[in-house]
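Comments concern the structure below.
The values are calculated or read from the model by the stated rules, or taken from the named source; none is laboratory data. As the structure is a computational prediction, the values presented were derived from the model and not from experiment. Please note: Cβ atoms are built from the backbone with ideal geometry, for glycine as well, and neighbour counts cover all protein chains shown. What goes into the accessible areas is simple: the full protein's heavy atoms, side chains included, and nothing from ligands, DNA or RNA. Shrake-Rupley method; radii C 1.70, N 1.55, O 1.52, S 1.80 Å.
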Amino acid sequence: MNETASLRARAEIDLAALRANVRALRGRAAGAQLMAVVKSDGYGHGAVPCARAAREAGATWLGTATPQEALALRAAGLEGRIMCWLWTPGGPWREAIEAGIDVSVSALWALREIVAAGADRPARVQLKADTGLGRGGCQPADWPELVSEARAAEQAGHIRITGLWSHFACADEPGHPSIAPQLAAFRDMVAYAEKEGVEPEVRHLANSPATLTIPEAHFDLVRTGIAMYGVSPAPELGAPAELGLRPVMTLTASVALVKDVPAGHGVSYGHHYATPAGTTLGLIPVGYADGVPRHASGRGPVLVGGKVRTVAGRVAMDQFVVDLGGDRPEPGAEAVLFGPGDRGEPTVEDWAVAAGTIGYEIVTRIGTRVPRVYVNETAGPAGPADPSGGAAR
Ligand SMILES: *Cc1c(COP(=O)(O)O)cnc(C)c1O
């Protein structure tokens, strides 16, 4: 562990937990391949180390939003299938195609830019259907035209149609009435493309919540992001442990100051907290610039000296304060904002509730000023710190 990194704050990333989660998710979707979604720097956990660990645990695909994210994985030496889906006019099509990255197409403009890019090989193109999300993807009414032009480009040798895919709107709400119609629309749009001669390598629809709760949505490949990082996609699906998942990130800071204050002392900007009695205050040196949500002012939980305390008053840019109720931990004592929960520390899900958001937003917003410290980096013979115990290998 990097000692200088540990002084103020750090996000410890347990790659053994990530590998165990990938194996658990593969078990939930037996028969399908697994795409490890590492967009947005691996949901804040670090794209390259997480991609490598996911590959070691059997992920055959990597997925990103932007082409720059996908190209960065290739540049870091990651081989095999990589897909990215968030394109805007101008590319970089040629670079992505020549790096062997699967590119997603929702509309004719993208197909035409791909053909015009003049890459040194046929582009690997995955056609995306809008089966009801109403975001990316091709509407059913426009699908025949897109499939027809894609087939023509394939027959001319410009592209190879490697995948047919779509995305759910409400997979995180089990039984939601949009799920069955989306599945039906996907089957129809796949059947139409195959009737027109498309022979995809993969058909895929499921994100983490669908991987966990909708087996008929697994098809050839599941695209898991949040669950791989050991965070529950939604409280109604259960806590990570109930889903067989282990949180990967632990966010800690070192207590920077402990001091006595009298009763009635205002705390932090705006004085939204006043000490009810003479007490001790602890200064925690992370703030909203580090991703601690300002919306969790007065609510966010943190474990200090064996007790869960609550953010007193406002979260500031670089720091916040907790009322320690007379306790006097030494400066430098560990404050745990969230982790797996083994030591009684809060979890990502607790912070999501405190900030009125979802766990996805908590982990992806942890800032670049917080160093990521990797533990259990090697998948080799399992050390004592490997919670998987090597049993699944
Ligand atoms: C982010 C994303 C995923 C992964 O979603 P999770 O809910 O984090 O598993 C899958 N597919 C697409 C298209 C995405 O944008």
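Observations on the structure shown:
- Selected residue [more than 17 Å from the chain's Cα centre (by Cα), outside any helix (DSSP H, G or I) and surrounded by fewer than 20 Cβ atoms within 10 Å (Cβ to Cβ)] from 71, 7: 7
- Restricting attention to region 103-122, the residues that are farther than 17 Å from residue 66 by Cβ and open to solvent by less than 10 Å² (accessible area, probe 1.4 Å) total 1.
- Residue within region 167-174 that is over 17 Å from residue 134 (Cα atoms), within 15 Å of the ligand (Cβ to nearest atom) and aromatic (Phe, Trp, Tyr) present: no
- Every residue from region 74-97 that is crowded, with 16+ Cβ neighbours inside 10 Å, out of contact with any helix residue (DSSP H, G or I) (no Cβ under 7 Å at 6 or more places or on another chain) and not in a helix (DSSP H, G or I): 81, 83, 85
- Total residues in region 187-245 satisfying the condition of being among the charged types (D, E, K, R), more than 9 Å from the ligand (Cβ to nearest atom) and crowded, with 16+ Cβ neighbours inside 10 Å: the figure is 3.
For (1) closer than 30 Å to residue 37 by Cα; (2) among the acidic types (Asp, Glu); (3) in a loop (DSSP other than H, G, I, E, B), each residue gets a yes or a no:
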{"residue": "200", "(1), (2), (3)": "yes, no, yes"}
{"residue": "227", "(1), (2), (3)": "yes, no, no"}
{"residue": "247", "(1), (2), (3)": "yes, no, yes"}
{"residue": "250", "(1), (2), (3)": "yes, no, no"}
{"residue": "260", "(1), (2), (3)": "no, yes, no"}
{"residue": "295", "(1), (2), (3)": "yes, no, no"}
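- Counting the residues of region 242-291 that are under 22 Å from residue 347 (Cβ atoms) and among the polar types (S, T, N, Q) gives 3.
- Selection status of residue 362, at pLDDT 95 or above and open to solvent by less than 40 Å² (accessible area, probe 1.4 Å): yes
- Take the conditions (1) open to solvent by 20 Å² or more (accessible area, probe 1.4 Å); (2) more than 20 Å from residue 102 (Cβ to Cβ); (3) modelled with pLDDT of 95 or more; residue 183 misses just one of them, which is (1).
- Qualifying residue in region 302-316 (condition: open to solvent by 40 Å² or more (accessible area, probe 1.4 Å) and hydroxyl-bearing (Ser, Thr, Tyr)): yes
- Just one of (1) in a strand (DSSP E or B); (2) open to solvent by 50 Å² or more (accessible area, probe 1.4 Å) fails for residue 135. It is (1).
- Selection status of residue 339, farther than 23 Å from residue 268 by Cα and open to solvent by less than 40 Å² (accessible area, probe 1.4 Å): yes
- Number of residues in region 255-273 that are within 17 Å of residue 315 (Cβ to Cβ) and surrounded by 12 or more Cβ atoms within 10 Å (Cβ to Cβ): the value is 9.
- Residues within region 45-65 that are open to solvent by less than 40 Å² (accessible area, probe 1.4 Å) and touching a strand residue (DSSP E or B) at 6+ places or on another chain (Cβ under 8 Å), tallied: 14
- Residue pairs whose Cβ atoms lie under 9 Å apart, separated by 6 or more positions or on different chains, with the first residue in region 16-44 and over 17 Å from residue 372 (Cβ atoms) and the second of a type in the set (Asp, Glu) and open to solvent by 30 Å² or more (accessible area, probe 1.4 Å), are 22/56; 31/220; 32/220; 33/220.
- Where residue 100 falls short, out of the listed (1) of a type in the set (Gly, Ala, Ser); (2) open to solvent by less than 10 Å² (accessible area, probe 1.4 Å); (3) more than 30 Å from residue 181 (Cβ to Cβ): (2)
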